[in-house]
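*Asks:* Pasting in a structure now, in structure tokens, and then I'll have a few things to ask.
The values are calculated or read from the model by the stated rules, or taken from the named source; none is laboratory data. Given the structure is predicted, the values throughout are model-derived calculations rather than measurements. Note: ideal-geometry Cβ built from the backbone for every residue, glycine included; neighbour counts use all protein chains shown.
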Amino acid sequence: MMSEQLPLSGVRVADFTWVWAGPFCTLQLAHLGAEVIRIESESRLCVTRRIPPVADGEAGPNRCGYFNQYNQGKHSICLDLKKPEGLDIAKKLVAASDIVAENFAAGVMDRMGLGYETLKTIKPDIITIALSGYGATGPESPYVSYGPAQVPMSGLASLTGFPDSPPMSVGFSYGDPNGGLHGAFAVLAALMHRARTGEGQYIDLSQWETSVALVGEGIMAQEMNGAAPQRMGNRDPYMAPHGLFRCQGEDRWVSIVAADDDEWQRLCAVMEKPDLASDARFATLADRKDNEDALEAAVTAWTATRSAEAVTRTLQAAGLAAFPAVTNKELAEDEHLHSRPFFAALEHPEVGVRQHAGIPWHFSDTPCQVRRSAPCFGQDTEDVLQRVLGYSADEVATLKDNGVLS
């Protein structure tokens with residue numbers, strides 16, 4: 001029988017994060033059932049409350065899809081941490097929490113009066129995670145960093161691109177969600193440790209280092225052979241053909257992979273090209289790699305006369321790996337993702353019901369699901385101060401009048 005208890009029921013997170021890496025970390029905790037309370041301020045509005053896409057083309061801090069995607073299931077309070085009363089409220093929230101999360105540059109929380117040495121005097125078993133760009137120590141530690149910088153700094157860009165091209169970006173800020181997922185995993189490990197020992201701890205996460213961890217094969221090639229791997233575009237060292245092939249229609253492509261000689265022979269049969277099956281240039285993997293330009297041209301001659309969907313159906317029916325390069329619109333309408341169900345569509349106070357990417361895992365015994373839409377700016381301030389921290393309505397009104405809750 002499925003339990004009604006979520007994995008992190010009863011766990012509270014004081015969330016000082018912003019932009020993407022930190023909020024992506026705390027999003028996973030919210031998905032698992034934690035009560036995540038974002039501390040926000042008018043004087044330092046989160047970047048993602050200002051950038052597109054915006055609902056119906058109308059800008060506003062509660063209308064940005066970026067923020068609303070990565071802050072589902074969370075609460076938001078307004079707090080001016082520059083005011084002593086605001087800092088005092090933040091400390092009381094820490095005392096009532098299990099986890100503190102932040103992703104500023106190293107030293108910022110200390111200067112705010114919320115460093116780990118201070119926090120553990122407030123709550124000795126607090127778990128604090130700092131998702132800084134370069135970690136809390138070392139010569140780069142004071143620097144501010146954003147995810148796009150992690151791609152070239154990790155070496156990932158040097159492995160991305162075509163043989164005759166310079167290093168290339170991977171197309172988005174890979175370092176941010178990657179760091180966030182590493183952070184969520186580390187927090188879960190710390191919670192397990194605390195459950196066994198009663199001890200909290202400080203998690204010093206370097207987004208740079210979590211990005212470097214992605215390119216182990218590149219690092220080992222350099223260490224073991226004295227040379228980094230050559231950029232290969234969409235090709236693979238051990239499979240051929242392996243890539244994206246043009247199809248009918250404007251900018252339509254299909255991914256095709258033949259994992260071994262047998263799959264290559266089956267691909268030739270599906271394409272009804274017995275001459276390719278017997279062509280000595282393509283007899284083995286080594287032969288196909290030596291003649292990969294001609295190999296890809298031969299496959300493209302077949303795919304270019306068909307739709308990506310038709311190619312996919314035909315090859316998958318033969319047990320071969322193939323799938324269209326899909327657009328965002330196609331993903332949003334994908335039958336498989338809807339059947340899981342992957343997407344979440346909850347009522348938002350300002351923009352109404354919008355479809356969002358939801359939780360990419362399903363537990364057999366715990367009902368993980370997106371429980372509420374992303375919060376409007378500061379919408380939970382009064383509730384959190386009264387329900388969690390015990391302030392009276394009059395005290396909240398006074399704090400508001402004094403500009404503390406802004």
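*Asks:* Checking residue 255 against (1) in a helix (DSSP H, G or I); (2) under 23 Å from residue 230 (Cα atoms); (3) of a type in the set (S, T, N, Q), only one condition comes out false. Which one?
*Replies:* (1)
*Asks:* Filter the range 370-397 for residues that are in contact (Cβ under 8 Å) with a residue 60 or more places away in the chain, assigned to a loop (DSSP other than H, G, I, E, B) and not aliphatic (A, V, I, L, M) and give the result.
*Replies:* 371, 372, 373, 375, 376, 377, 378, 379, 380
*Asks:* Inspect all residues belonging to the range 283-306 and state whether any of them is in contact (Cβ under 8 Å) with a residue 40 or more places away in the chain, among the aromatic types (Phe, Trp, Tyr) and outside the structural domain of residue 357 (by TED's automatic domain parsing). Steps first, please.
*Replies:* Residues of the range 283-306 in contact (Cβ under 8 Å) with a residue 40 or more places away in the chain: 285, 288-289, 292, 295-296, 299-300, 303-306.
Remaining after also requiring among the aromatic types (Phe, Trp, Tyr): none.
No, that holds for no residue.
*Asks:* Right, next: When you check residue 325 against the structure, is it under 30 Å from residue 57 (Cα atoms), in contact with a strand residue (DSSP E or B) (Cβ under 7 Å, 6 or more places away or on another chain) and free of Cβ contacts under 8 Å to residues at least 24 places away in the same chain, yes or no?
*Replies:* On the way: under 30 Å from residue 57 (Cα atoms): yes; in contact with a strand residue (DSSP E or B) (Cβ under 7 Å, 6 or more places away or on another chain): yes; free of Cβ contacts under 8 Å to residues at least 24 places away in the same chain: no.
Here the answer is no, as residue 325 does not meet what is asked.
*Asks:* Evaluate the range 24-43: report whether one residue or more is surrounded by fewer than 19 Cβ atoms within 10 Å (Cβ to Cβ) and either assigned to a helix (DSSP H, G or I) or without any contact (Cβ under 8 Å) to a residue 24 or more places away in the chain (or both).
*Replies:* Yes, the conditions are met somewhere in the range 24-43.
*Asks:* Here is a follow-up. Return the total of residues in the range 384-405 being surrounded by 13 or more Cβ atoms within 10 Å (Cβ to Cβ) and closer than 30 Å to residue 344 by Cα.
*Replies:* 4
*Asks:* Restricting the search to the range 181-209, which residues are farther than 14 Å from residue 99 by Cβ and in a helix (DSSP H, G or I)?
*Replies:* 181, 182, 196, 197, 207, 208, 209
*Asks:* Can you tell me which residues in the range 56-104 are among the small types (Gly, Ala, Ser), surrounded by fewer than 18 Cβ atoms within 10 Å (Cβ to Cβ) and within 26 Å of the chain's Cα centre (by Cα)?
*Replies:* From the range 56-104, those among the small types (Gly, Ala, Ser) are 57, 59-60, 65, 73, 76, 86, 90, 95-97, 101; that's our starting set.
Within this subset, residues satisfying the condition of being surrounded by fewer than 18 Cβ atoms within 10 Å (Cβ to Cβ) are 57, 59-60, 65, 95-96.
Listed by number, the residues that qualify are 57, 59, 60, 65.
*Asks:* OK, next. Got at least one residue in the range 212-226 being within 30 Å of residue 309 (Cα to Cα) and either outside the structural domain of residue 179 (by TED's automatic domain parsing) or touching a Cys at 6+ places or on another chain (Cβ under 8 Å) (or both)? Break it down into steps so the answer makes sense when it comes.
*Replies:* Taking the range 212-226 as the starting set, the residues that turn out to be within 30 Å of residue 309 (Cα to Cα) are none.
Scanning the range 212-226 turns up no residue that is within 30 Å of residue 309 (Cα to Cα) and either outside the structural domain of residue 179 (by TED's automatic domain parsing) or touching a Cys at 6+ places or on another chain (Cβ under 8 Å) (or both).
*Asks:* Taking the residues in the range 145-160 that are within 13 Å of residue 132 (Cβ to Cβ) and part of a loop (DSSP other than H, G, I, E, B) as candidates, determine which candidate is modelled with the highest pLDDT.
*Replies:* 145
*Asks:* Moving to a separate point now. Of everything in the range 357-368, what is surrounded by 15 or more Cβ atoms within 10 Å (Cβ to Cβ) and within 22 Å of the chain's Cα centre (by Cα)? Give them in sequence order.
*Replies:* Here is the first cut: in the range 357-368, the ones surrounded by 15 or more Cβ atoms within 10 Å (Cβ to Cβ) are 357-359, 366, 368.
If the condition is that a residue be surrounded by 15 or more Cβ atoms within 10 Å (Cβ to Cβ) and within 22 Å of the chain's Cα centre (by Cα), then 357, 358, 359, 368 are the ones that fit.
*Asks:* So, in the range 183-230, how many residues would count as being among the β-branched types (Val, Ile, Thr), out of contact with any helix residue (DSSP H, G or I) (no Cβ under 7 Å at 6 or more places or on another chain) and touching a residue at least 60 places away in the same chain (Cβ under 8 Å)?
*Replies:* Step one: filter the range 183-230 for residues among the β-branched types (Val, Ile, Thr), giving 187, 197, 203, 210, 212, 215, 219.
Next, only the ones that are out of contact with any helix residue (DSSP H, G or I) (no Cβ under 7 Å at 6 or more places or on another chain) stay: 197, 212, 219.
With touching a residue at least 60 places away in the same chain (Cβ under 8 Å) added as a condition, the list becomes 219.
Summing the residues that are among the β-branched types (Val, Ile, Thr), out of contact with any helix residue (DSSP H, G or I) (no Cβ under 7 Å at 6 or more places or on another chain) and touching a residue at least 60 places away in the same chain (Cβ under 8 Å) in the range 183-230 gives 1.
*Asks:* Further question on the same structure: Tell me which of these residue 47 doesn't satisfy, since it passes every other one: (1) surrounded by fewer than 20 Cβ atoms within 10 Å (Cβ to Cβ); (2) hydrophobic (A, V, I, L, M, F, W, C); (3) under 18 Å from residue 205 (Cβ atoms).
*Replies:* (3)
*Asks:* Given (1) buried (at least 16 other Cβ atoms within 10 Å of the Cβ); (2) part of a helix (DSSP H, G or I), where does residue 173 come up short, assuming only one miss?
*Replies:* Here residue 173 clears every test but (2).
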